[in-house]
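The values are calculated or read from the model by the stated rules, or taken from the named source; none is laboratory data. The shown structure was predicted, so the numbers you read here are calculated from the model rather than taken from an experiment. Cβ sites come from the backbone with ideal geometry, for glycine too, and all protein chains shown count toward neighbours.
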Amino acid sequence: MFVFVGCSTEKVTEEPQVTPEIAKETVRNLELYNLEAPKGSKYEAIVTEFDLGKKEYLSKAGKIMPYNIRGIIGVPEGDGPFPLILITHGSHSNDDETKRFDTGFDYVVKDLAENGYIAVSMDMSKPYIWKYGDGDDAEKSIPIANDHIENLILANEGNNPGYGVDLKGKIDFDKIALAGHSRGGETIFDITDDQAKRGVRIKALLSIAPTALFEREMPDIDVAIIVSEYDGDVQLDGYNMYSMLNAKSKGLHFVTLLMKGNHNYFNRNIQENDSWRSRHKNLDDQLTREQQESFLTNYAVGFFNAVLLGKTDDFINANLPQPNKMYGFNVKTMYRTDKKIDLVDVTTTDDFKAEGGFVEATVDSWFFKLDKVLIDTVTSGIEPFNIRPLINVKWTDRNSRVNISPKVQDFSRHEALTLNMVIDSADELNKKDASQQFTVELKDAYGNLSRVVLPENMNALERTPGEMDYTPLGDMVLTFWSTASPVSCINLPLNEFKNLDFKHIESISLIFDKTDSGSIFIDSITLQ
């Protein structure tokens with residue numbers, strides 16, 4: 001008699017686990033990465049102003065707003081169809097109806113057209129004129145933008161209402177993007193929502209030195225935000241927009257600090273140099289108007305090339321280190337993809353173990369009663385974005401380190417390890433005139449070690465220029481660093497780490513082997 005117990009005809013296979021006899025160690029020196037201007041075929045372009053006539057809008061407040069459907073358009077010579085970029089300006093005059101700000105972006109229109117885009121800068125001045133109502137400019141901007149889109153649809157069908165240039169069959173309405181400056185950089189989200197209800201899908205948004213005045217629902221869309229370091233108008237509001245985007249929507253999200261830039265020099269029709277109203281005292285190194293224009297045109301083309309045309313090498317992406325310079329200008333950047341996974345909890349030190357250093361969980365807050373740090377990492381008055389949990393790491397001995405236990409060990413489906421952090425400029429452990437520098441180590445389950453040494457002079461690891469400042473408040477004195485210190489990223493493509501089993505990563509270590517002392521705040525550590 002034969003007795004079969006627990007038998008199966010199904011073949012059972014197990015994934016082999018190979019343990020190396022000798023663990024391997026590798027070290028690579030990361031180089032500073034500078035992103036060059038986009039390259040590609042240039043087009044001859046026709047750029048012209050247009051006026052399609054007068055209309056009126058009755059606002060919810062009962063005010064009649066007259067306006068013209070007018071602006072400036074750039075069209076590449078060629079058959080097309082070409083992607084469409086619509087540009088809206090902000091609130092720069094509230095009483096003078098004769099001022100035009102749409103034509104202040106003529107250089108952007110021209111450059112986009114020469115790079116294969118149909119670009120339209122729309123006159124959106126009337127929604128900001130006080131006598132037609134105050135505080136409802138977003139509502140009143142929506143119908144004007146819709147008029148432009150409807151007329152462009154007509155022109156594309158061969159029923160040109162008066163653009164002064166042939167548009168028949170030239171516009172690719174599957175690739176529409178919006179760009180907005182200042183208040184316009186926030187209004188483009190309202191326009192996007194309205195167009196979605198009308199069946200028109202906006203694919204990407206470029207928000208230039210935007211306000212972030214209101215909490216709102218955010219569309220699932222690719223967004224790039226430019227923030228100017230010396231912005232004396234809206235300050236660094238774009239960082240709060242970035243926080244809201246990441247919390248409420250999906251898509252590729254980018255925020256770029258243009259170092260030494262101001263608010264107004266993006267628009268040729270705004271003459272004032274607003275940088276004196278920023279929190280920075282020494283403005284001798286401020287960018288010129290021409291430099292800011294050069295940055296914006298290349299940034300716009302690079303972003304739209306990446307998200308509309310798939311030319312990802314023209315812009316920030318996970319497979320490359322974060323750029324120290326973009327198109328010749330110093331920047332600090334952050335980005336987020338839909339593949340993002342948080343590896344640590346920064347509300348507690350549980351995931352962090354210091355060797356020869358100090359680790360503490362703390363918070364930065366817009367509200368002084370909740371604030372525990374001297375620097376301002378840019379938080380909002382809107383909850384829950386009024387609090388930023390942080391891990392403070394300090395060291396006073398070279399070769400101190402922090403070992404981090406990631407919540408996910410399988411890195412194999414991701415492209416990059418991203419450290420979002422900022423130097424504590426108020427702490428004298430960081431030298432005044434030198435960037436921090438350290439080594440990032442990954443260790444797998446088999447004991448293999450791979451280290452990437454960060455380069456010197458990385459913008460993401462430099463102190464923010466400023467000084468200790470003081471403000472009396474009742475019977476208190478508030479102490480703080482005089483200038484804002486926004487968080488930025490160190491992006492480490494995983495292909496920089498060699499000879500590791502990325503399915504079984506055991507630890508991440510920050511090794512402070514390049515400087516004798518320092519203090520940093522960690523906002524997050526993620527896979528992208």
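Checked against (1) surrounded by fewer than 24 Cβ atoms within 10 Å (Cβ to Cβ); (2) modelled with pLDDT of 95 or more, ILE188 passes all but a single condition, namely (1). Let me confirm something: among ASN420, ASN403, which residue is surrounded by fewer than 19 Cβ atoms within 10 Å (Cβ to Cβ), outside any loop (DSSP other than H, G, I, E, B) and not charged (D, E, K, R)? None of the others qualify; the one that does is ASN403. Looking only at residues of the range 127-146 that are out of contact with any Gly (no Cβ under 9 Å at 6 or more places or on another chain) and at pLDDT 95 or above, we find that the one that is surrounded by the fewest Cβ atoms within 10 Å (Cβ to Cβ) is ASN146.
Pull up the range 431-486, narrow it to residues that are acidic (Asp, Glu) and not in a strand (DSSP E or B), then point me to the one that is farthest from LYS369 (Cα to Cα). This residue is GLU456.
Of the candidates ASP274, ASP220, ASP237, ASP231, the single residue that is within 26 Å of VAL120 (Cα to Cα), of a type in the set (D, E, K, R) and touching a His at 6+ places or on another chain (Cβ under 9 Å) is ASP231.
Of the set (1) in a loop (DSSP other than H, G, I, E, B); (2) crowded, with 17+ Cβ neighbours inside 10 Å; (3) not acidic (Asp, Glu), all apply to PRO161 but (2). With respect to GLU467, determine if the residue is closer than 30 Å to LEU283 by Cα, assigned by TED's automatic domain parsing to the domain that holds LYS372 and surrounded by fewer than 14 Cβ atoms within 10 Å (Cβ to Cβ). It is true that GLU467 is closer than 30 Å to LEU283 by Cα, assigned by TED's automatic domain parsing to the domain that holds LYS372 and surrounded by fewer than 14 Cβ atoms within 10 Å (Cβ to Cβ). When the range 21-70 is examined, which residues are found to be of a type in the set (D, E, K, R) and over 29 Å from the mean Cα position of the chain (by Cα)? Of everything in the range 21-70, those that are of a type in the set (D, E, K, R) and over 29 Å from the mean Cα position of the chain (by Cα) turn out to be GLU21, LYS24, GLU25, GLU44, GLU49, ASP51, LYS54, LYS55, GLU56, LYS60, LYS63, ARG70. Looking across the range 210-247, the residues that are part of a loop (DSSP other than H, G, I, E, B), under 21 Å from THR297 (Cα atoms) and of a type outside the set (A, V, I, L, M, F, W, C) come down to PRO210, THR211, GLU229, TYR230, ASP231. Residue pairs whose Cβ atoms lie under 7 Å apart, separated by 6 or more positions or on different chains, with the first residue in the range 355-369 and within 15 Å of LEU429 (Cβ to Cβ) and in the same structural domain as VAL422 (by TED's automatic domain parsing) and the second aliphatic (A, V, I, L, M) and in a strand (DSSP E or B), are GLY357/VAL393; GLY357/VAL402; VAL359/ILE391; VAL359/VAL393; VAL359/VAL402. Check whether at least one residue in the range 470-480 is of a type in the set (D, E, K, R), surrounded by fewer than 18 Cβ atoms within 10 Å (Cβ to Cβ) and in contact with a Phe, Trp or Tyr (Cβ under 8 Å, 6 or more places away or on another chain), and report yes or no. Checked the range 470-480: no residue is of a type in the set (D, E, K, R), surrounded by fewer than 18 Cβ atoms within 10 Å (Cβ to Cβ) and in contact with a Phe, Trp or Tyr (Cβ under 8 Å, 6 or more places away or on another chain). Listed conditions (1) at pLDDT 95 or above; (2) in contact with a helix residue (DSSP H, G or I) (Cβ under 6 Å, 6 or more places away or on another chain) are all met by MET241, apart from (2). Can we say SER365 is of a type in the set (Ser, Thr, Tyr), at pLDDT 95 or above, over 18 Å from the mean Cα position of the chain (by Cα) and closer than 21 Å to MET241 by Cα? Criteria met by SER365.
Can we say ARG279 is closer than 24 Å to LEU178 by Cβ, assigned by TED's automatic domain parsing to the domain that holds LYS175 and among the charged types (D, E, K, R)?
Working: closer than 24 Å to LEU178 by Cβ: no; assigned by TED's automatic domain parsing to the domain that holds LYS175: yes; among the charged types (D, E, K, R): yes.
Spelling it out, it is not the case that ARG279 is closer than 24 Å to LEU178 by Cβ, assigned by TED's automatic domain parsing to the domain that holds LYS175 and among the charged types (D, E, K, R).
Of the residues making up the range 72-94, those that are in contact with a Leu (Cβ under 8 Å, 6 or more places away or on another chain) and not hydroxyl-bearing (Ser, Thr, Tyr) are GLY74, VAL75, PRO83, LEU84, ILE85, LEU86, ILE87.
Within the range 71-99, being closer than 17 Å to ILE149 by Cα and surrounded by fewer than 22 Cβ atoms within 10 Å (Cβ to Cβ) holds for one residue alone: PRO81.
Screening the candidates ALA426, ALA445 for the property of being assigned by TED's automatic domain parsing to the domain that holds VAL408, in contact with a Gly (Cβ under 9 Å, 6 or more places away or on another chain) and surrounded by 14 or more Cβ atoms within 10 Å (Cβ to Cβ) yields one hit, ALA426. The set of residues in the range 276-295 being of a type in the set (A, V, I, L, M, F, W, C) and either outside any helix (DSSP H, G or I) or surrounded by fewer than 21 Cβ atoms within 10 Å (Cβ to Cβ) (or both) consists of TRP276, LEU283, LEU287. Given the structure, is SER412 in the same structural domain as TYR470 (by TED's automatic domain parsing), surrounded by 14 or more Cβ atoms within 10 Å (Cβ to Cβ), assigned to a loop (DSSP other than H, G, I, E, B) and not aromatic (Phe, Trp, Tyr)? For SER412, the condition - in the same structural domain as TYR470 (by TED's automatic domain parsing), surrounded by 14 or more Cβ atoms within 10 Å (Cβ to Cβ), assigned to a loop (DSSP other than H, G, I, E, B) and not aromatic (Phe, Trp, Tyr) - is not met.
Picking from residues in the range 467-509 that are under 29 Å from the mean Cα position of the chain (by Cα) and acidic (Asp, Glu), the one that is farthest from TYR446 (Cα to Cα) is ASP469. Counting the residues of the range 101-136 that are hydroxyl-bearing (Ser, Thr, Tyr) and in a strand (DSSP E or B) gives 1.
Do you know which of the residues in the range 73-93 that are of a type in the set (S, T, N, Q) and in contact (Cβ under 8 Å) with a residue 40 or more places away in the chain is farthest from ASP51 (Cα to Cα)?
SER91
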